[in-house]
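These notes concern the structure reproduced below.
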There are 2 protein chains.
Amino acid sequence: MNRPTLEAVAARAGVSKSSVSRVINGASTVAPSIREVVLRAVRELGYVPHAAARNLATRRTNAVALVVSDPPKGLVSDDPMFSAVVRQASRKLEAAGKQVVLMLAGSEDSRTRVAQYVAASHVDGVMLVSMHGADSLPSTLARKGIPIVSLGRTNPAVPYVDNDNLGGAALAVRHLLGQGRRRVATITGPLDMIASQERLTGYTAVMRETGHRSIVAIGDFTRISGADAMRQLLQDDPGLDAVFAANDLMAIGALRTLRESGRRVPDDVAVVGFDDIEAALYTTPALTTVHSPMTDWATATVDLLLGLFEGGRNAPLLLPADLVVREST
Amino acid sequence: MNRPTLEAVAARAGVSKSSVSRVINGASTVAPSIREVVLRAVRELGYVPHAAARNLATRRTNAVALVVSDPPKGLVSDDPMFSAVVRQASRKLEAAGKQVVLMLAGSEDSRTRVAQYVAASHVDGVMLVSMHGADSLPSTLARKGIPIVSLGRTNPAVPYVDNDNLGGAALAVRHLLGQGRRRVATITGPLDMIASQERLTGYTAVMRETGHRSIVAIGDFTRISGADAMRQLLQDDPGLDAVFAANDLMAIGALRTLRESGRRVPDDVAVVGFDDIEAALYTTPALTTVHSPMTDWATATVDLLLGLFEGGRNAPLLLPADLVVREST
DNA sequence: CTGAAAGCGCTTACAG
DNA sequence: CTGAAAGCGCTTACAG
């Protein structure tokens, strides 16, 4: 049951440990005869280099921490994103030969934990996935001098890739206005989140610019908050004919309220969401929404990190927004 | 920029490396005066033990591989599960002081990769998340003698926690029959998956037992396959008055076909799904479905693994099924 | 091209 | 209770 060491391989092959190491690591300066006898010994013994020993000697791990700000339970709005992002980032990193260490960073405790882990040289780099607001982690880690990138904007010191939240929101509102809608309301996300702020800004900018009055209700990205906000909007302004929700989940909640209040969608009120989650396909009517390219987003962020490993000094990147028109507008 | 070593701490504190190590690891046999001076030095230097060195010396890593069988792209049916399971398992493992290394194992290549990784002693144990069929990995890993568990049944050699698929399907069918439905069809998942097989068996068992004829169409767990299968069922047996789909996504597809064909749900045809994904709440009408307790499932599986670490010899576990009745029946 | 030796940064019997 | 020393299993200049 004892695993074979490099030394055992050397003994069996009748060569030095140095030579075995060279063969294992594909050094070019190895005689074919030696290579052959070593490889045979490796095969016969079922040798696999011990990770910790190698890491200690090389000072590298070939691992990357994928740090996801884990929201409080119940806030499921980002579940589809979690899945898409974590999956795609893992695929890309594995393809690049990096192992993914997944770390959740919801509480202050877990943030300390992450910082310690990184400080212990467990990983060569860090990818932050931070859909949720202000965090102490980015700046803490950035100071350590370890390569780090962020999916979503966080700290000025951390290179990032972000969605064009502002452009996307503007696209949605222009679309509604272009249909002849006059009284366009918005339901915002939690305003301590940058994405929420930007989507709201996109909305208000277009409304102002086109001479319309802003009609705002505040939600928190959950479906229930969307339903509540919609009820309030209807009460405040029964004549509104369109609503832009800052995410799909709230849009879905709004649809339900509209149905309950006897409004037809899109005839009486048009609805646009944001994110293009899978559930947006299943609503009745199917939801018009701003597409968040989660897969591309994850890919671009991984590329940014890999670039950093190569010594690059990469600039932040903004992904273009895209409107998917379905039946709700 | 050079990180301080244990030796540096010892020098600064004026004690031996042994003593520093003892303090760091909380050994009880340390004089308070020494502990104090060491802790101060640690603080002043910002010392964090080097992970690889420690792993090499102790032969342990405090890490666990979370191996997820990553399906081909496009098969999104398990996304909500991926999210719930990965998240909950991570939470639990982190709480137990284990670091989570996420590994995707969709292709044969990545499976080799996982086997190598485990063989390299990167981790102390493995948790498989294997919603998808027969896999070479479980038996390969089980042979290595490393603690391993599986969420979902896989290999006889691997302890697992599973959903009661059979019981859940039976529950669904009995519910439909209990409503007076007579011609109850089923849409199955891909039949190379154990979960699909069991859900089908649950259906046929109850149908036979109650003297009803089975009406079966085969799907693949995607929404589109559910829509197609429903179309076919309607064509074969226009008089059917209920359908049990082996997952929610297919049930959602079936709902759409039923609407298009002018059937009212639940008046003309009742529909039951399986899994209770979030989208099941948003359909019109909201979907009756068998709840898959993903969170509990992940928790139980982690507990099984932690038990193995403690030297336990844990038996497989079956989670009880539960029917959530909504508007579609 | 190959090998002997030092070193990576910890932990852990072993003496005292 | 404390310290000197050996050892964990690799890699990598350095000589030859």
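FYI, it's all coordinate maths here, none of it is from the lab. Bear in mind that the values here come from a model prediction, so they are computed numbers and not experimental data. Counting neighbours? That spans all protein chains shown, and the Cβs are built from the backbone with ideal geometry, glycine included.
If R₀ is 45 angstrom, what is the calculated FRET efficiency for the pair A:R174 and A:S139, using the beta carbon separation as r and rounding to 0.05?
0.80
So which of A:K98/A:K144; A:K144/B:K92; B:K98/B:K144; A:K17/A:K92; B:K17/B:K92 end up more than 25 Å apart, counting from Cα to Cα?
Correct reply: A:K144/B:K92; A:K17/A:K92; B:K17/B:K92.
Longest span of chain A, sites excluded, free of GluC sites (Glu not before Pro) in DSSP loop with at most 15 other C-beta atoms within 10 Å?
Values: sites that count: A:E310, A:E327.
Counting only loop sites that pass the neighbour cut-off, the longest clear stretch is A:1-309.
If each residue of separation counts as 0.36 nm, what is the full-extension length gain between A:R213 and A:D236 once their alpha-carbon separation is subtracted? Numbers along the way, then the final one.
Values: separation 23, 0.36 × 23 = 8.28 nm, distance 1.35 nm.
Between A:R213 and A:D236, full extension yields 6.9 nm more.
Take the alpha carbon atoms of region B:11-31, find their center, do the same for region B:285-329, and report the distance between the two centers in whole angstrom.
Going from one Cα centre to the other spans 45 Å.
Could you grab the relative contact order for chain B? Cα pairs under 8 Å, six or more apart, rounded to a whole percent. Numbers along the way, then the final one.
Values: 593 pairs, mean separation 51.6, N = 329.
Relative contact order of chain B: 16 percent.
Output the relative contact order of region A:165-291, whole-number percent, from Cα pairs under 8 angstrom with separation of 6+ residues.
Values: 249 pairs, mean separation 32.0, N = 127.
So the answer I get is 25 percent.
If you average the C-alpha positions of region A:238-256 and of region A:158-211 separately, how far apart do those two centres end up, in angstrom?
13
Using r as the Cβ-Cβ distance of A:A205 and B:A8, and R0 as 51 Å, what FRET efficiency do you calculate, to the nearest 0.05?
On the way: r = 55 Å, r/R0 = 1.08.
The value I calculate is 0.40.
Go ahead and collect, in residue order, the members of region B:23-60 whose backbone nitrogen is under 18 Å from a label point 7 Å along the Cα-Cβ direction of B:S16.
Answer for this model: B:23-39.
Give the long-range amide H neighbours of B:S150: residues separated by 5 or more places, or on another chain, with amide H under 5 Å away, using H modelled in the peptide plane at 1.01 Å from N.
For B:S150, whose amide H was placed from the backbone, the distant partners under 5 Å are B:L128, B:Y160, B:V161.
Quote to one decimal, in nm, the extra length available between B:L45 and B:A96 on full extension: 0.36 nm per residue of separation minus the C-alpha distance between them.
Details: separation 51, 0.36 × 51 = 18.36 nm, distance 2.81 nm.
So the extension gain works out to 15.5 nm.
Can you work out the Karplus-derived ³J(HN,Hα) for every residue in region A:217-222? Use 6.51 cos²θ - 1.76 cosθ + 1.60 with θ = phi - 60°, whole Hz, and x for glycine or proline.
10, 9, x, 9, 6, 8
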